[in-house]
Amino acid sequence: NTYLSDLIPNSKAYLFFGLFGIMNKASAFVGPLVNFLITVVSHGNSDYIAFIPCTILSLAGFIMIQVTNPAKGRSDVLAFEEAERELEGERLARIKPVSAPVGH
């Protein structure tokens, strides 16, 4: 969560943490299901074989985290937030103020 919060725009945190929560719940269901299916396909002869895909996916995630550059990611997030503020300012500048009706 800490690593994720450093690499997401504050204005969109609810989207990223919502997606993170959904993926967390899905992986809690899919992981054991995959282990079960591999064990069934191998006719239960080797229970450890189901952990090979889990190990491969864990190593892939570890490698992806090692090759990321959190400093560059954070600077990209700050640049994105600045661009969003500028766009919002332009949108607000285009809106014409509504004049109050004159009393009768």
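Quick rundown of the values:
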read-out: Those residues of segment 54-64 which are modelled with pLDDT of 90 or more and among the β-branched types (Val, Ile, Thr), in sequence order; value: ILE56, ILE63
read-out: Cβ-Cβ under 8 Å pairs, at least 6 apart or on other chains, segment 16-42 side farther than 15 Å from LEU57 by Cβ, far side open to solvent by 70 Å² or more (accessible area, probe 1.4 Å); value: PHE17/ASN1; PHE20/ASN1; THR39/ASP47
read-out: Among the candidates ASN45, ASN1, ASN69, residue that is in contact (Cβ under 8 Å) with a residue 12 or more places away in the chain and not acidic (Asp, Glu); value: ASN1
read-out: Matching residues in segment 1-44 - criterion: being of a type in the set (Val, Ile, Thr) and modelled with pLDDT under 90; value: THR2, ILE8, VAL30, VAL34, ILE38, THR39, VAL40, VAL41
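The values are calculated or read from the model by the stated rules, or taken from the named source; none is laboratory data. All of these numbers come straight from a predicted model, not from anything done at the bench. So basically every Cβ, Gly included, is an ideal-geometry build from the backbone, and we count neighbours across all protein chains shown. For accessibility, only protein heavy atoms count, side chains too; no ligands or nucleic acids. Shrake-Rupley method; radii C 1.70, N 1.55, O 1.52, S 1.80 Å.
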